[in-house]
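The values are calculated or read from the model by the stated rules, or taken from the named source; none is laboratory data. Bear in mind that the values here come from a model prediction, so they are computed numbers and not experimental data. Positions of Cβ are backbone-derived with ideal geometry, glycine not excepted, and every protein chain shown enters the neighbour counts.
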Amino acid sequence: MKSTAVIWTEPVREKLRAFRSEHFTVEETFDYVAQLILETEDLLLNPILSRSYTEDFGKFKGFSRVVVKKFRIYFQVIEQDIVITAILFPGEQ
């Protein structure tokens, strides 16, 4: 039996690495992003807590979405793996 894994695609990883906040230091921002990743994986891997919304229209039509700390995270379930395909920062359209 294969366990479920959360896979962060390279464009999403690069976008998270590029995230900066003018209000916090680089170290504080890095810690915030690390906590965001941990919370997202915990949510997606927990079948009881995982609540997602499937987009009906727009750029991400057909993708599932969860919101964690105001970040919109779009993903697809491929076989048993959860593949995160996009992330939108707070305020980003």
Going through the range 27-71 in order, the residues found to be among the aliphatic types (A, V, I, L, M) and assigned to a helix (DSSP H, G or I) are V33, A34, L36, I37, L38, L43, L44, L45
Checked pairs for the range 1-16, first of a type in the set (D, E, K, R), second modelled with pLDDT under 95, C-beta under 6 Å and 6 or more apart or across chains, list as K2/Q80
Margin query: Given the condition within 15 Å of the chain's Cα centre (by Cα) and assigned to a helix (DSSP H, G or I), answer yes or no: does some residue in the range 74-85 qualify?
Written below: no
In the range 1-39, anything under 19 Å from E79 (Cα atoms) and either surrounded by 11 or more Cβ atoms within 10 Å (Cβ to Cβ) or aromatic (F, W, Y) (or both) is listed as T4, A5, V6, I7, W8, T9
Going through (1) surrounded by fewer than 14 Cβ atoms within 10 Å (Cβ to Cβ); (2) in contact with an Asp or Glu (Cβ under 9 Å, 6 or more places away or on another chain); (3) under 25 Å from T4 (Cα atoms) one by one, T54 fails only at (2)
Scanning the range 1-21 for residues that are out of contact with any helix residue (DSSP H, G or I) (no Cβ under 9 Å at 6 or more places or on another chain) and in a helix (DSSP H, G or I), the one nearest to F89 (Cα to Cα) turns out to be K15
Margin query: Scan the range 70-77 and tell me whether some residue there is touching a helix residue (DSSP H, G or I) at 6+ places or on another chain (Cβ under 8 Å), under 19 Å from S3 (Cβ atoms) and surrounded by fewer than 11 Cβ atoms within 10 Å (Cβ to Cβ).
Written below: no
